[in-house]
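The structure appears right after this line, and notes come after that.
What follows draws every value from the coordinates through simple rules; no lab data is involved. What you see is a predicted model; the values in this text were computed from it and never measured. Reconstructed Cβ throughout: ideal geometry from the backbone, glycine too, with neighbour counts over all protein chains shown.
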Amino acid sequence: MRRLPIGALGAAVLGLALLLALAPAAAGAPGRAAGGPDVPEGRVNVVKVSGLLDPVLVDFVSRSIDDAEAQGALAVTLQLNSGGAVVSDDEIDALTDQIRGADVPVAVWVGPSGSKALDEAAQLVEAAADSGMAPGTRVTAPDGETLDDEEAVAAGVVDRAAPTIGLFNVELEGFESRVVEGGDGRPTREPVTPTVFTQLPLPSQLMHTVASPAVAYLLFVIGMGLILFEFFTAGVGVAGVVGAGSFVLGSYGLAVLPTNPWAVALLVVSMFAFGIDIQTGVPRFWTGVALFTYVVGTLTLYDGLSLSWITLLVSFVGIGLAMVAGMPAMVRTRFATPTIGREWMIGELGEVVADVDPDGTVRVRDALWRARVNRATPVEAGQPVRVVGIAGMILEVEPLEGAARDYRDRSR
């Protein structure tokens, strides 16, 4: 079994640690603006808010409001599509208080079609100076009921319906527009007040994506799987480096999300259990333990959040194929040549654990091996055998009773 390349892994982990450390600072930096670096005062800043409200996204929204105040913006419009928050109630309260008390009006538009503002994200809509929803969107009302755009407008949860962000902004107080003739000959309003679109910078976007439930889970288990794979390969350590990176990113995501620690522990235990049987090349008791702990750990990983059936299907099928079929086959391929250094096993004595007829399992020096008898007569469990050959991870054995004399004894 080969050790992981410590230098390469250390460099990868160090680089990812620096990225994690710099992500909050990057979130505080202004996002890329559609209007370029020289944008006029009196504009409307449209801030894209998509995904669960995690620390990175909350900090970005807060700093975007501060920047708009400092730059003399006319208003800030949050383009919202969020299913809730993974930060504390105190952090949500602080953000809503900032929205209400900002020197620049903060509006919220839930869109485009298919977007949502549920649970804690709906509090941003309630705190906004002006709010709107696109057709086909949903919002959580103060009483906990989920409403579509028409129901929300009728109930007074939002101020108005607006199919596009442009049509929403032209109704903002102080927003200048002019009436022009549209392509169909009908008059339409054209914005005069400049609009600048901002979104998370790339490093912050990476950390925000990593903190989504499905991505964090998949990165975590894929990282552990690749690290386990690295222990059984004879390559240059690429799997270990990629696995370490995935594991670090996945760990960050799980740390941000509401997870059950014991479920995370079950996922780690499952990888150790898989590794035990992978060493022998025979899926047995520990493979069953691994599959059980993996499924239980996956289904109970998040507290209050759930994984989609597609994520679960990909995970369960992938781990089953990789750990039950793929990894043992890879290990057999690695040891498919007698030059690996196990010639010493030829001539060793062992005991049959599962009938060898013609394939079975034997114990040699307290280790279990897959075995094949070199004659038509089966060997029953409990009988002693001698190793006479090696083919990959399979030992060729013969019973001691009636066996040919070991070739090494002929010179004695």
Using a Förster distance of 51 Å, the FRET efficiency for residue 372-residue 317 (Cβ separation, nearest 0.05)
0.95
With charges only on Cβ, +1 for K and R and -1 for D and E, what is the dipole size of the stretch 146-296 about its Cα centre, in debye, rounded to 20?
820 debye
Quick check: residue separation of residue 180 and residue 94 times 0.36 nm, minus the Cα distance between them. What number comes out in nm?
26.8 nm
Counting sequence-distant residues (5 or more places) and residues on other chains, those with an amide H built under 5 Å from that of residue 146 are 141
Expected vector for the stretch 138-144, Karplus 3J(HN,Hα) from phi with 6.51, -1.76, 1.60 and θ = phi - 60°, integer Hz, x for Gly and Pro, equals 9, 8, 8, 6, x, 7, x
Provide the FRET efficiency to the nearest 0.05 for the residue 268-residue 303 pair, computing r from the beta carbons and using R0 = 22 Å.
0.75
On full extension of the chain, what length is gained from residue 310 through residue 215, given 0.36 nm per residue of separation minus the C-alpha to C-alpha distance?
33.0 nm
Once the other residues with Cβ under 11 Å from the Cβ of residue 374 are scored (Lys, Arg +1; Asp, Glu -1), what is the net sum?
+1
Can you list which of the GluC sites (Glu not before Pro) found in the stretch 116-193 are DSSP loop residues with at most 13 other C-beta atoms within 10 Å?
145, 173, 176
Magnitude of the charge dipole, the stretch 30-200, Cβ model with Lys/Arg +1 and Asp/Glu -1, debye to 20
720 debye
Need one number: nm distance between label points at residue 70 and residue 188, each 7 Å from Cα along Cα→Cβ, rounded to one decimal.
3.7 nm
Sort the following peptides by mean Cβ neighbour count (other Cβ atoms within 10 Å, averaged over residues), highest first: 306-312, 96-102.
96-102, 306-312
So what's the net charge close to residue 82: Lys and Arg +1, Asp and Glu -1, counting the other residues with Cβ under 12 Å from its Cβ?
0
Options 112, 127, 85, ranked by Cα towards positive dipole end of the stretch 49-152, top entry (Cβ charges)
112
Sorted by chain and number, the residues with a modelled amide H under 5 Å from that of residue 116, at a separation of 5 or more or across chains, are 82, 138
Amide H contacts of residue 391 (H built 1.01 Å from N, under 5 Å, at least 5 apart or other chain)
396
Quickly rank 69-77, 217-225 as a protection proxy: mean count of other C-beta atoms within 10 Å, highest first.
217-225, 69-77
At what distance in nm do the modelled label points of residue 295 and residue 355 sit from each other, each positioned 7 Å from its Cα along Cα→Cβ?
2.9 nm
Sorted largest first, the Cα spans of the stretch 340-403 on the principal axes come out in Å as 30, 20, 18
